[in-house]
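The values are calculated or read from the model by the stated rules, or taken from the named source; none is laboratory data. A quick note: this is a predicted structure, and the numbers were derived from the prediction, not measured. Quick reminder, even Gly has a Cβ in these numbers, built from the backbone with ideal geometry, and neighbours come from all protein chains shown. The accessibility values were calculated without ligands, DNA or RNA, using every heavy atom of the protein model including side chains. Shrake-Rupley method; radii C 1.70, N 1.55, O 1.52, S 1.80 Å.
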Number of protein chains: 2
Amino acid sequence: MGSISKHTLQRLPTYLAYLKSLPCADNACISAAAIAAALELGEVQVRKDLSAVGSAGKPRIGYPVNDLIQHLEYFLGYSTRNRAVLVGVGNLGLALLSYGGFADYGLDIVGAFDSNPALIGLQIDGRPVLSMDELPTFCQRENVQIGILAVPSAAAQPCCDALIAGGVRAVWNFAPVHLKAPDGVLIQRENMASSLALLSYHLKQPERN
Amino acid sequence: MGSISKHTLQRLPTYLAYLKSLPCADNACISAAAIAAALELGEVQVRKDLSAVGSAGKPRIGYPVNDLIQHLEYFLGYSTRNRAVLVGVGNLGLALLSYGGFADYGLDIVGAFDSNPALIGLQIDGRPVLSMDELPTFCQRENVQIGILAVPSAAAQPCCDALIAGGVRAVWNFAPVHLKAPDGVLIQRENMASSLALLSYHLKQPERN
DNA sequence: AACAAATAAGTAAAATTATATCTATAAAAA
DNA sequence: TTTTTATAGATATAATTTTACTTATTTGTT
Ligand SMILES: NC(=O)c1ccc[n+]([C@@H]2O[C@H](COP(=O)([O-])OP(=O)(O)OC[C@H]3O[C@@H](n4cnc5c(N)ncnc54)[C@H](O)[C@@H]3O)[C@@H](O)[C@H]2O)c1
Ligand SMILES: NC(=O)c1ccc[n+]([C@@H]2O[C@H](COP(=O)([O-])OP(=O)(O)OC[C@H]3O[C@@H](n4cnc5c(N)ncnc54)[C@H](O)[C@@H]3O)[C@@H](O)[C@H]2O)c1
């Protein structure tokens, strides 16, 4: 990563979502302490995170909410659109395709792909479901930078390779497998099994945490 | 957490999935180095993680694959069933309900809830969709320990409270909000916005990582 | 059968990274 | 002007990962 730490980066969307949920008086300000209390974080951590995105607060005043939102959105790239394709239009893939919220994060899913002939030719909220053969050329032509993988584990690596062949530089993988990719391509795994492990482990603990 | 670190705990399911994907000769063994290479981790880290679950390997031999799988499954509680309910049978909720894979992780979704009357009374793969009114009593009667939240952000906190009122001790939250819960209740957020932030940030970098 | 070489696990220490505490400074309000 | 309150920077603590080193076991060789 660049200069910002991964953990900080992962917290930023949470700040943003919280700020956006606030009743918005136009010139309202908020203190780092208030943000920290709402999100159950340390207030120093909040300040450090916010200073990393280039926001400065004023003593006794705090941070101007609207400025902060703009800074965060700019830093997270929500204003610059990222074009993505989805591979695997199954249960999960369909949910992701139908989800309107991604647009808020600057993510535009412009097409979907599946190996199942029954699905090919469908339109889902205006996005076409295409054959896997068309994937690399489509990605190149449409200038797609992000691939979203919602295929079974066994199909994940070949699909990932196809995305990379199409010029995709970042892959969001929902399948429970580790994928290999060349340097310069980021594989981000949405690891639900890890989340479940934490839940399950917590339940096994007698009465702690 | 107990004695094991959170990061270690999160890696364990990945080891398990990898080991299970291996062509299984019955008494086969695998070295920490081989696991590390496959998952692109440090080999010492693999050894430390595996020793944390109580597995011991033999020099020159490695770890017996089947034993390791059993150790991991036991440690992660995949053998002891966890009963869960889903709240919010929308796009995402339906995908989660329909997903067969959770059973492998010891998670049994035994019921679903929604505020939309049109959905109440449906059966999805044998699980009933019930009214929100019934949530607390259902959870208590059915001994539900885990709640899965797939409702809109605005509804998340009240739904979470209802789950906790029903005796749920761990909540898996897919809504992009921070939830508050009393001590002893774990809130695990599946933070897709964070994942997207990492992807988006990576794409903004000139040509690094 | 004994011994050396090779391989892999286990342990300890160092370095990195992340978080928390503390002090100083600056701005607003009394 | 003084007091209060909040940020910014420096320092300290804690957690995690990496590096280095030691120990143990098998395999091959004499
Ligand atoms: N559904 C969930 O809630 C959920 C949760 C966690 C993880 N996942 C993971 O997400 C992935 C998808 O899950 P799902 O429930 O949507 O599965 P699914 O079986 O419903 O959908 C998979 C889709 O991928 C398509 N597909 C299969 N092989 C393909 C290939 N080689 N190329 C292109 N498309 C192909 C299938 O036609 C199908 O449409 C799986 O890896 C699963 O483990 C799903
Ligand atoms: N769909 C996705 O791919 C996706 C991805 C990331 C995050 N999310 C998040 O997951 C949540 C659900 O997303 P979705 O796309 O399934 O939304 P959705 O609108 O399709 O489904 C929401 C469901 O919740 C129900 N609901 C609303 N208020 C409720 C209440 N007070 N009590 C009980 N049920 C209630 C609705 O009736 C509906 O069935 C949202 O918070 C969303 O931000 C979804």
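Here the protein assembly as shown is treated with +1 on each Lys and Arg Cβ and -1 on each Asp and Glu Cβ, and its dipole about the Cα centre works out to around 1060 debye. Neighbours of residue B:56 by Cβ distance under 12 Å: Lys/Arg scored +1, Asp/Glu scored -1, total +1.
Distance check, please: which entries in A:6/B:20; A:180/B:204; A:6/B:180; A:48/B:204; A:6/A:180; A:204/B:20 exceed 26 angstrom between their Cα atoms?
A:6/B:20, as the Cα separations exceed 26 Å there.
If you take the Cα centroid of region B:186-205 and the Cα centroid of region A:4-31, the two points sit 15 Å apart.
Using a 7 Å projection from Cα along Cα-to-Cβ, the label point at residue B:70 is separated from the same position in the remaining copies by 6.4 nm, smallest value first. Accessible area per residue (1.4 Å probe, heavy atoms of protein chains only) ranks A:40, B:190 as A:40, B:190, with the largest value leading. By a straight-distance test (C-alpha under 18 Å), which aspartates and glutamates pair with residue B:58 as possible cross-link partners, with residues fewer than eight away in the same chain excluded? Within the straight-line cut-off, residue B:58 pairs with B:26, B:43, B:49, B:67.
3J(HN,Hα) along region A:50-63, derived from phi through the Karplus expression 6.51 cos²θ - 1.76 cosθ + 1.60 where θ = phi - 60°, amounts to 5, 5, 5, 8, x, 8, 10, x, 10, x, 6, 10, x, 9 Hz, with x in place of Gly and Pro.
Close amide H contacts of residue A:171 (hydrogens built in the peptide plane, cut-off under 5 Å, sequence separation of 5 or more or a different chain): A:147, A:186, A:187, A:188.
In the distance distribution for region A:11-131, Cα-Cα pairs more than 23 Å apart total 46 percent.
I'd like the FRET efficiency for residue B:98 and residue A:161, computed as 1/(1 + (r/R0)^6) with the beta carbon distance as r and R0 of 22 Å, rounded to 0.05. Spell out each step's value before the answer.
Values: r = 28 Å, r/R0 = 1.25.
After rounding, the FRET efficiency stands at 0.20.
Ligands, DNA and RNA excluded, the heavy atoms of residue A:179 present near 10 Å² of accessible surface to a 1.4 Å solvent probe.
Each 20 Å bin from zero holds the following percent of Cα-Cα pairs in the protein assembly as shown: 24, 58, 18, 0. Our helix-only sum for chain B, with -39,500 (n - 2.57) per DSSP H run of n ≥ 4 divided by its residues, gives a mean residue ellipticity at 222 nm of -12500 deg cm²/dmol. Placing a label point 7 Å from the Cα of residue A:203 along the Cα-to-Cβ direction, the residues of region B:63-94 whose backbone N falls under 16 Å from that point are B:73-87.
Proximity of backbone amide H atoms, modeled 1.01 Å from N, is registered between residue B:113 and B:86, B:87, B:88, B:130 at under 5 Å, excluding neighbours fewer than 5 places apart on the same chain. Solvent-accessible area of residue A:89, all protein chains in place: 10 Å² (probe radius 1.4 Å, heavy atoms, ligands and nucleic acids excluded). Amide H contacts under 5 Å for residue A:107: A:82, restricted to partners 5 or more places along the chain or on a different chain, H placed in the peptide plane at 1.01 Å from N.
I want to verify the translational diffusion coefficient of region A:82-194 in µm²/s; compute it with Stokes-Einstein, Rh as the Kirkwood radius over Cα pairs, at 20 °C and 1.002 mPa s. Don't skip to the end; give the middle numbers.
Values: Rh = 13.7 Å.
For these conditions, the coefficient is 156 µm²/s.
Order the following by accessible area, largest value first: A:80, B:8. Probe radius 1.4 Å; ligands, DNA and RNA are ignored. Mind dumping the intermediate values first?
Numbers: A:80 75, B:8 15 Å².
Listed by decreasing accessible area, they come as A:80, B:8.
Where chain B is carried onto chain A by rotation, the Cβ closest to that axis, with its residue and distance in Å, is B:95, 2.
Over all pairs of different C-alpha atoms in region B:6-76, the reciprocal of the mean inverse distance, the Kirkwood hydrodynamic radius, equals 11.9 Å. Once both labels are positioned 7 Å from their Cα atoms along Cα-to-Cβ, the gap between residue B:140 and residue B:123 label points is 2.8 nm. Accessible surface of residue B:43, taken over heavy atoms with a 1.4 Å probe and every protein chain present, rounds to 80 Å².
Ranking A:47, B:127, B:60, A:83 by solvent-accessible area of protein heavy atoms (1.4 Å probe, all protein chains present), from largest to smallest, gives B:60, A:47, A:83, B:127. In the elastic network of chain B, a GNM with C-alpha springs shorter than 10 Å, the most mobile of B:34, B:156, B:112 is B:34.
DSSP loop trypsin sites (Lys or Arg not before Pro) in region B:108-184 with at most 16 other Cβ atoms within 10 Å of their Cβ, which ones?
Values: sites: B:141, B:169, B:180; in loops: B:169, B:180.
Of the trypsin sites (Lys or Arg not before Pro), the ones in loops of region B:108-184 whose Cβ has at most 16 other Cβ atoms within 10 Å are B:180.
Among B:146, B:30, B:187, the largest mean-square fluctuation in a Gaussian network model of chain B (Cα springs under 10 Å) belongs to B:30.
If you take the accessible area of B alone, add that of A alone, and subtract the area of the pair, what total do you get in Å², probe 1.4 Å, to the nearest 100? Walk me through the numbers before you get to the answer.
On the way: alone 12460 and 12470 Å², together 19010 Å².
Approximately 5900 Å² gets buried when B meets A.
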